[in-house]
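Heads up, the thing below is written out as structure tokens.
The values are calculated or read from the model by the stated rules, or taken from the named source; none is laboratory data. The shown structure was predicted, so the numbers you read here are calculated from the model rather than taken from an experiment. Neighbour counts are summed over all protein chains in view; Cβ atoms, including those assigned to glycine, are modelled from backbone coordinates with ideal geometry.
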Amino acid sequence: MVVVTMPSVRMATTVIALCLFLMFVYSTYLLAPSYHLASPTPQKPTTRPASQPPSRPEHDDSKPKEDVPSAWQKEADSIVEQARALLQDPIRPPYKDRFYDLGQRVMAAREWVKFIDNAPRSAHTRVLAETVEAAIASCFPFIQNSPKHPNSKNPFSDLRSSFVPGSRGLVIPTGKGTMRYATHLIGSLQEILHSNMTIQIVYAGDEDLPPAEREKLHSRFKDVLFLDIFSVIDDTTLQLVKGGWAIKAFAALYAPFEEVLLSDADSVFVQVPESLFLDPSYATTGALLFHDRLIWQHAYAERHDWYKSQIHEPSAALNKSLVWTEDYAEEGDSGVVVVDKSRLDVLMGLLHVAWQNTYEVREEVTYKLTYGDKETWWLGLELSAASYAFEKHYGAMIGWFKEKVDEAAQRICSFVIGHVDVRDELIWYNGGLLKNKKLDPNEFGLPTHTLVGGTWEKGADRTQMSCMVGPNVKPLSRDMEWILNSSITLAQELDREFGFV
């Protein structure tokens, strides 16, 4: 029999009490609510590092901040505002005092077009481009409503995109009245000079050059294209059928070639026309023009006063002009004009040239103060701040020896004006192969001499020769004599073939 002593009983009681206490504590722990994620993922800190911006509340009713406009967008918005201002103030008659204003608009529009051309790819240009296009069209309504793009909002871009990159062509505006001379010119270029230039005949509808006449030209000559100007331009403001010289500017502007050599039908070349593209002044400026005769000093005060009222800051090219600086009468012979339309300044200057040849402007101003289209070329380029250059000399003489004036000087006379290249060698002259097409439609004339830089003596009327007096008379070279003689022989054959005589 075991006898339990008192100390053993106390110990057992203590152990039991301790166990009961531990069980109570443990059960309290298990039943208490937990404040920890069930997931083993660590709890995120309640605050972000100082280097990070605080997060937005889940429910933020405040308006988001607008993006700050880029420098490009600010400039675009400014251009849109300026272009819209032009739309509110179109060029209206009377036009005589608006030539300068139009030139300023062309200069502004050119910078806008350059800005659009250089826009970053990410830029939103639609509103800008359409507003600028509308402003350009408000200055030059004739570029709108083209039969090829009747509802276009981008008529100027349509015009630019119509040019074949890298192309060159010789453009001859021709109608029934000048077709005979055009056949002489094309025949000489292709069969005597062996020029490789593509030729395009530009005419103002079937009334101007009927289909039967076009077919004769097409059948006889290779590489000749035809462009009805009314297929690409709205005639509403132009009236080109009876416009005479006015078609020339639009022929140059709308020809598909990037580089255009525009020639009157009665021009005569004694060198291949392609050589004009090699002229250093053309390469530099993109526009080569030719001078008229240097005649009639101080005879046209109204004309010169008007020039000076419209030209506020003459260019370096104009300051070389004896018409501008010494009041001679005639500046340009537009029988040949060479332009590079890939150059934006030249192309937009041509818009000004063309505007001067629209019906209302030519009837009110251009053909009243000056003779035909001849002064519109340099004036449009000048007022638009486009680069251009004239040949070095004023019009030269190609004709026949008349008499010896003194030991140094001789007098050479004819009905035409000659033009020389950078070597002072004759390259072309105006007026055709006939001696005087106004007097005798059957008499051809083979010139014998040239003279550059002499003094002009203008004939009293078109029935009398004009002359030049000077010391540098040169006989026609054998090569040029052969070219002209061969061209005359071919022209006579073509006259019979086409039934012109």
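Some observations on this one:
- Here segment 443-482 is the region considered, the condition is being assigned to a loop (DSSP other than H, G, I, E, B) and in contact with a His (Cβ under 9 Å, 6 or more places away or on another chain), and the residue that is surrounded by the fewest Cβ atoms within 10 Å (Cβ to Cβ) is Gly453.
- Whether a residue is buried (at least 17 other Cβ atoms within 10 Å of the Cβ) and either more than 18 Å from Leu262 (Cβ to Cβ) or without any contact (Cβ under 8 Å) to a residue 60 or more places away in the chain (or both) was assessed, and Leu227 passes this test.
- Residues within segment 147-177 that are assigned by TED's automatic domain parsing to the domain that holds Ile233, crowded, with 18+ Cβ neighbours inside 10 Å and not in a loop (DSSP other than H, G, I, E, B), tallied: 6
- Looking across segment 387-436, the residues that are in contact (Cβ under 8 Å) with a residue 12 or more places away in the chain, part of a loop (DSSP other than H, G, I, E, B) and surrounded by fewer than 20 Cβ atoms within 10 Å (Cβ to Cβ) come down to Ser387, Lys392, His393, Val405, Ala408, Ala409, Asp421, Val422, Asp424, Glu425, Asn436.
- Candidates in segment 234-286 are the residues that are on the phi > 0 side of the Ramachandran plot and among the small types (Gly, Ala, Ser); of these, the one that is surrounded by the most Cβ atoms within 10 Å (Cβ to Cβ) is Gly286.
- One residue stands out among those in segment 309-353 that are out of contact with any Lys or Arg (no Cβ under 6 Å at 6 or more places or on another chain) and assigned to a strand (DSSP E or B): the one that is surrounded by the most Cβ atoms within 10 Å (Cβ to Cβ), which is Val339.
- Restricting Val452, Val405 to residues that are within 18 Å of Gln271 (Cβ to Cβ), out of contact with any helix residue (DSSP H, G or I) (no Cβ under 9 Å at 6 or more places or on another chain) and among the hydrophobic types (A, V, I, L, M, F, W, C) narrows the list to Val452.
- Of the criteria (1) assigned to a loop (DSSP other than H, G, I, E, B); (2) closer than 18 Å to Arg293 by Cα, which one Asp440 fails: (2)
- Residue in segment 208-219 that is within 20 Å of Val260 (Cα to Cα) and of a type outside the set (D, E, K, R) present: no
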